[in-house]
Amino acid sequence: MTRLSNFATMLAFPLLLAVTGCEKKEAEKEKAKAEVTAEVAPATAEKFFEVAEAVGIVTARVGRVASLAAPSPTRVARVFVTTGGIVKIGDPLIEFERAPFESAAASAEAALLAAERAAERAKRLADAGVGARKDAESAAAELAAATSNAVTARRARELATLRSPIAGVVTRLSAVLGASADAGQSLVEVSDPSVLDVVVGLDPVAAASVQRGQSVTLFAGAAAEGTPVARGTVADVAMAVDTASRGVSVRVTVDNMSRPLRFGETVFARVAVAEHAAAVVVPIAALVPTGEGFRVFVVDDEGIAHARDVKVGARSDHGIWVREGLKAGEKVVTIGAYGMDDSAKVVGKRGAKAP
């Protein structure tokens with residue numbers, strides 16, 4: 001029996017060594033599998049500006065734009081300007097056919113002269129007791145009407161040539177040489193480029209946090225890229241939703257510019273709606289969407305990453321403001337967070353600091 005036992009032991013020993021070796025290899029594989037190469041950064045407490053962002057268009061400031069029209073039905077005889085042209089005060093813009101205006105003015109002057117003579121005669125007769133007082137009063141009323149008509153005709157004759165009332169840029173021109181023009185039909189618009197506004201369209205939820213006086217940073221184009229081209233303040237927030245865009249119009253007063261802005265130029269507006277003195281901020285790469293919210297992987301002193309759900313307040317170019325679920329100073333996985341499993345061992349990248 002002893003020889004048989006020894007023989008069985010001798011046969012089982014190699015098998016035991018093989019099993020032990022396999023278990024060791026599996027353990028090493030599991031360990032290698034659990035280790036993840038990633039970068040880690042601490043959450044910081046810093047001043048954070050909560051912003052509302054949207055695309056806007058550079059426009060003329062209210063009260064600094066002149067829209068001119070024909071004084072009466074007429075026809076365009078000459079056009080002196082083009083859209084985008086620079087004009088000074090008094091420069092001619094559009095000239096209409098002058099004959100009708102000259103004729104109307106001459107007729108009004110003749111009627112005024114006749115009314116003045118009639119009123120003078122009626123008053124003289126009434127004062128002498130020869131004529132009725134009511135005839136003098138009627139003549140005086142006719143004189144007042146004739147004076148008003150003459151003033152209107154003179155003004156219309158002056159407006160036979162539309163001249164710019166302000167120095168600025170022609171921002172709209174619809175006059176066509178030889179075409180008819182109706183009274184009150186706007187034909188040319190001149191805007192002052194020295195003072196500008198930007199009209200931004202925000203969604204109603206974002207617009208609810210925007211108020212007058214809040215600071216605005218403006219970037220060229222349709223995104224916040226590069227250095228700002230101008231800064232301004234919120235001047236007005238519309239109380240109605242635009243039926244076409246379904247957005248809320250916000251008018252921004254441009255206070256200073258790093259370069260000249262042009263009418264109609266597209267800019268990207270960033271409105272600072274709130275300031276948080278000590279917000280917990282993490283790099284944008286640290287945030288992992290979960291379907292219902294977001295999470296980050298917090299790395300402990302042993303280098304183990306633990307998944308933790310967080311509530312996000314807002315984002316900026318510098319990072320994400322985490323409202324709940326994280327404290328300043330805690331280390332989070334940044335590059336390498338996507339696809340990471342809970343309780344993974346974090347191994348720092350070459351050249352990066354170990355967690």
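The values are calculated or read from the model by the stated rules, or taken from the named source; none is laboratory data. Remember, predicted model here, so these are calculated numbers, not experimental data. In this analysis, Cβ positions are derived from the backbone assuming ideal geometry, glycine residues included, and neighbour counts consider all displayed protein chains.
How many residues does the range 251-289 contain that are within 18 Å of Ala38 (Cβ to Cβ) and either free of Cβ contacts under 8 Å to residues at least 24 places away in the same chain or part of a strand (DSSP E or B) (or both)? Don't jump to the end; show me each part of the working.
Applying the first criterion (within 18 Å of Ala38 (Cβ to Cβ)) to the range 251-289 yields 282-289.
Then drop every residue that is not either free of Cβ contacts under 8 Å to residues at least 24 places away in the same chain or part of a strand (DSSP E or B) (or both), which leaves 282, 288-289.
Adding up the residues that qualify gives 3.
Checking the conditions here, which among Asp203, Asp192, Asp236 is surrounded by 12 or more Cβ atoms within 10 Å (Cβ to Cβ), in contact (Cβ under 8 Å) with a residue 24 or more places away in the chain and either in contact with a His (Cβ under 7 Å, 6 or more places away or on another chain) or within 30 Å of Leu159 (Cα to Cα) (or both)?
Values: Asp203 fails: either in contact with a His (Cβ under 7 Å, 6 or more places away or on another chain) or within 30 Å of Leu159 (Cα to Cα) (or both); Asp236 fails: either in contact with a His (Cβ under 7 Å, 6 or more places away or on another chain) or within 30 Å of Leu159 (Cα to Cα) (or both).
Only one candidate qualifies: Asp192.
Among all residue pairs at least 6 apart or on different chains, which show Cβ distances below 8 Å where the first residue, located in the range 211-231, is without any contact (Cβ under 8 Å) to a residue 40 or more places away in the chain and assigned by TED's automatic domain parsing to the domain that holds Val58 and the second is among the acidic types (Asp, Glu) and assigned to a strand (DSSP E or B)?
Between residues of the range 211-231 that are without any contact (Cβ under 8 Å) to a residue 40 or more places away in the chain and assigned by TED's automatic domain parsing to the domain that holds Val58 and residues that are among the acidic types (Asp, Glu) and assigned to a strand (DSSP E or B), the close pairs are Arg212/Asp236; Ala230/Asp255; Arg231/Asp255.
Looking for whichever is closer than 16 Å to Ala106 by Cβ and either assigned to a helix (DSSP H, G or I) or of a type in the set (Phe, Trp, Tyr) (or both) here; the options are Ala126, Ala150, Ala139. Which one fits?
Numbers: Ala126 fails: closer than 16 Å to Ala106 by Cβ; Ala139 fails: closer than 16 Å to Ala106 by Cβ.
Residue meeting the stated conditions: Ala150.
Residue by residue through the range 176-200, note down the ones that are in a strand (DSSP E or B), modelled with pLDDT under 90 and of a type outside the set (A, V, I, L, M, F, W, C).
Ser180
Which members of the range 143-160 meet the condition of being polar (S, T, N, Q) and either assigned by TED's automatic domain parsing to the domain that holds Ile94 or more than 13 Å from Ser72 (Cα to Cα) (or both)? Quick ask: steps written out before the conclusion?
Start the filter on the range 143-160 by keeping residues that are polar (S, T, N, Q), which leaves 147-149, 152.
Within the range 143-160, Thr147, Ser148, Asn149 qualify.
If you take the residues of the range 327-355 that are among the charged types (D, E, K, R) and out of contact with any strand residue (DSSP E or B) (no Cβ under 6 Å at 6 or more places or on another chain), which of them is modelled with the lowest pLDDT? Write out each step before concluding.
Step one: list which residues in the range 327-355 are among the charged types (D, E, K, R), which gives 327, 330-331, 341-342, 345, 349-350, 353.
Filter again for out of contact with any strand residue (DSSP E or B) (no Cβ under 6 Å at 6 or more places or on another chain), leaving 327, 341, 350, 353.
Values: Lys327: 86, Asp341: 82, Arg350: 39, Lys353: 48.
Among those that are among the charged types (D, E, K, R) and out of contact with any strand residue (DSSP E or B) (no Cβ under 6 Å at 6 or more places or on another chain), it is Arg350.
Any residue at all in the range 27-43 that is surrounded by 12 or more Cβ atoms within 10 Å (Cβ to Cβ) and either within 32 Å of the chain's Cα centre (by Cα) or modelled with pLDDT of 90 or more (or both)?
yes
May I ask you to verify whether Asp301 is more than 13 Å from Thr44 (Cα to Cα), part of a loop (DSSP other than H, G, I, E, B) and either in contact (Cβ under 8 Å) with a residue 40 or more places away in the chain or of a type outside the set (A, V, I, L, M) (or both)?
Numbers: more than 13 Å from Thr44 (Cα to Cα): yes; part of a loop (DSSP other than H, G, I, E, B): yes; either in contact (Cβ under 8 Å) with a residue 40 or more places away in the chain or of a type outside the set (A, V, I, L, M) (or both): yes.
Spelling it out, Asp301 is indeed more than 13 Å from Thr44 (Cα to Cα), part of a loop (DSSP other than H, G, I, E, B) and either in contact (Cβ under 8 Å) with a residue 40 or more places away in the chain or of a type outside the set (A, V, I, L, M) (or both).
Pick out the one residue from Ala305, Ala285 that is surrounded by 19 or more Cβ atoms within 10 Å (Cβ to Cβ) and hydrophobic (A, V, I, L, M, F, W, C).
Values: Ala285 fails: surrounded by 19 or more Cβ atoms within 10 Å (Cβ to Cβ).
Of the residues listed, the single one that is surrounded by 19 or more Cβ atoms within 10 Å (Cβ to Cβ) and hydrophobic (A, V, I, L, M, F, W, C) is Ala305.
Just checking, which of Ile166, Ile94 is of a type in the set (Val, Ile, Thr) and part of a loop (DSSP other than H, G, I, E, B)?
Exactly one residue qualifies, and that residue is Ile166.
Under 8 Å between Cβ atoms, at least 6 apart or on separate chains: pull out the pairs that start in the range 67-86 with a residue that is closer than 12 Å to Thr161 by Cβ and end on any residue that is basic (Lys, Arg) and part of a loop (DSSP other than H, G, I, E, B).
As it stands, the answer is Ala77/Arg98, since those pairs meet every condition given.
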